[in-house]
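Here's the structure, in structure tokens; my notes come after.
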Amino acid sequence: MSLKELEEKKEKNKKARREFVKYWAEYVKNHDDKKWSRQQNIVINSQISE
Amino acid sequence: MRFDGEKLELARELSKLDEFVLEFVNILEELDLEYVIVSGYVAILTGRSRGTEDVDVIIEELDEKMTREFAKKIKDGGYWCINSEISNIYGMLKDDLAVRFAEEDRVIPNFEVRFASDKFERSAIENKVRVDLEQKILYISPIELQIAYKLYLGSEKDFEDALHLYKLFAEELDKEKLKEYSKQLEVEDSLDELEGT
């Protein structure tokens, strides 16, 4: 894979990540706080040891 | 979640990070200090799906005596200072450096505390947003300033944080204020990119 192709792949990935951020923000906006935070806490709590 | 521009009501299930933050700001409240939480934790508190190793806290500028009292209270609360002797933090804070506090026997997560030293940090304190969280209260930076500042920081992670806040509070944001902060921080192009994303 050339550097140009790698750059295109990176750009595509960046766009996909941003689309997910938007999707998740909509999800948070339109769902009960408990519902989204329970899912988010799996991500956050896994980084913090007891 | 309900937000009216000045107050945010959240009924989220608390994360371990939220519990750390609420314990720490309780010490600031006991000392009656003006403070505001800025940066990544603001996005995370409101749902952004990522973790963090530090929580950024801006406090009002204190004199040496008050800083000693603050340091003692922090130490008595079970925290240690990672990047200084806890008794010497005044010099660092006065030099516009951040001091990092973590719970004893831990390094992360930690609280990165600095004095409000520029107009944006002072504005964050003056226009802070109250957050009601599980019958407790904490204060965060105005969302408009937070978005503009994240654009100023400029990494992709910061852009994503800004995007989360922008989309989440699309209806409640004061767009003129956001534009003004973006102008002052010279990130108008990034704001255009954000609005077009």
Over chain B, the sum of -39500 (n - 2.57) across DSSP H runs of at least four, divided by residue number and rounded to 500 deg cm²/dmol, gives at 222 nm -13500 deg cm²/dmol
Taking Cα atoms, the helix B:175-184 axis meets the longest principal axis of chain B at an angle in degrees (rounded to 10) of 60 degrees
To the nearest 10 degrees, the tilt of helix B:64-76 (Cα long axis) against the first principal axis of the alpha carbons of chain B is 80 degrees
With -39,500 (n - 2.57) per DSSP H segment of 4 or more residues and division by the full residue count of chain A, the 222 nm estimate, nearest 500 deg cm²/dmol, is -28500 deg cm²/dmol
In Å, the Kirkwood hydrodynamic radius from C-alpha pairs for segment A:1-48 sits at 12.9 Å
Extend 7 Å from the Cα of residue B:76 along its Cα-to-C-beta direction; within segment B:104-125, residues with backbone N under 13 Å of that point are none
Helix A:33-45: inclination vs chain A longest Cα principal axis, degrees, rounded to 10, gives 60 degrees
Mean per-residue count of partner chain Cβ within 10 Å for A:42-48 equals 6
Sorted largest first, the Cα spans of segment B:22-118 on the principal axes come out in Å as 40, 33, 24
In whole Å, largest first, the alpha carbons of chain B cover along the principal axes 48, 36, 27
Any residue on another chain or 5+ positions along whose placed amide H is under 5 Å from the amide H of residue B:83 is listed here as B:100
Taking only Cα atoms of the protein assembly as shown, the Rg to Rh ratio with Kirkwood Rh works out at 0.98
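We did not get these values from a lab; they are worked out from the coordinates using the rules stated. Source: prediction; values computed, not measured. Heads up, the Cβs are rebuilt from the backbone with ideal geometry, glycines too, and the neighbour counts pull from every protein chain shown.
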